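The values are calculated or read from the model by the stated rules, or taken from the named source; none is laboratory data. None of these values were measured; they are calculated from a predicted model. Glycine also receives a Cβ, built like all others from the backbone with ideal geometry; neighbour counts cover every protein chain displayed.
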Amino acid sequence: MKNLLIILFVFGLTIQAFAQHKGSGFGLKAGANYNTSGKYFQDAGAIWEEPGGSVGYQFGAFYKFASYDIFLRPELLYTHNKFETGMGEVSYDRLDAPVMVGLHMFKIFSLVGGPSFHYALKERFPEALGVDSGSKVDFGYQFGLGINIGPAGLDLRYERVLNDQKITLDEVLKRKDSFKSEQVILALSFQF
């Protein structure tokens, strides 16, 4: 029993030492994103049928400006997204520049949120959709939670693009439809 208490005490001290959030610094980030149409129950069914169908990836760098428990973290990321429309796969590559404002809580958790800017590099839509891809520049927002142990971090964020991306389905459905890009992002980061 005494050995168990000593081990727990040493483990607690070790976690405290590594849980201290880092100050300002440069870092790298990579992760996976799941693109959603906003119809969550339909999307949940699609996940069971084809788990990798709407999964993309992202990687890039960030700089964290930290002061006490508040920080500013601009990021520059390359993102690849894809999702299935029922009439074919839509995929696009873009540069993302989220600017996160964050708050450290309980030494290992962080809460983040802020605007996100997107520049479309390449878009691929099925011809049957008759797509009007619109502007190459989009604006949105992200918010989420993070776990930070020493220089390593794990973030889970929700992102939504505010600009409508028009998809005209007149030939197929005799109506116009539009969607706002939404995704859930899970990413690892390492700050130097």
Point to revise | Qualifying residue in the stretch 99-119 (condition: modelled with pLDDT under 85 and not in a loop (DSSP other than H, G, I, E, B)) | key: no
Practice item. Would you check if there is a residue in the stretch 170-185 being touching a strand residue (DSSP E or B) at 6+ places or on another chain (Cβ under 6 Å), at pLDDT 85 or above and not charged (D, E, K, R)? Key: yes
Check your understanding: Inside the stretch 35-66, can you point out the residues that are modelled with pLDDT under 85, closer than 22 Å to Lys122 by Cα and surrounded by 14 or more Cβ atoms within 10 Å (Cβ to Cβ)?
Key -> Asn35, Thr36, Ser37, Gly53, Ser54, Val55
Revision key, fill the gap. Checking Ala32, Ala19 in turn, the sole residue that is surrounded by 13 or more Cβ atoms within 10 Å (Cβ to Cβ), at pLDDT below 90 and either closer than 19 Å to Tyr158 by Cβ or hydrophobic (A, V, I, L, M, F, W, C) (or both) turns out to be Ala19
Check your understanding: Checking Asp69 against (1) closer than 22 Å to Phe109 by Cα; (2) at pLDDT below 90; (3) acidic (Asp, Glu); (4) surrounded by 14 or more Cβ atoms within 10 Å (Cβ to Cβ), which test does it fail?
Key -> (4)
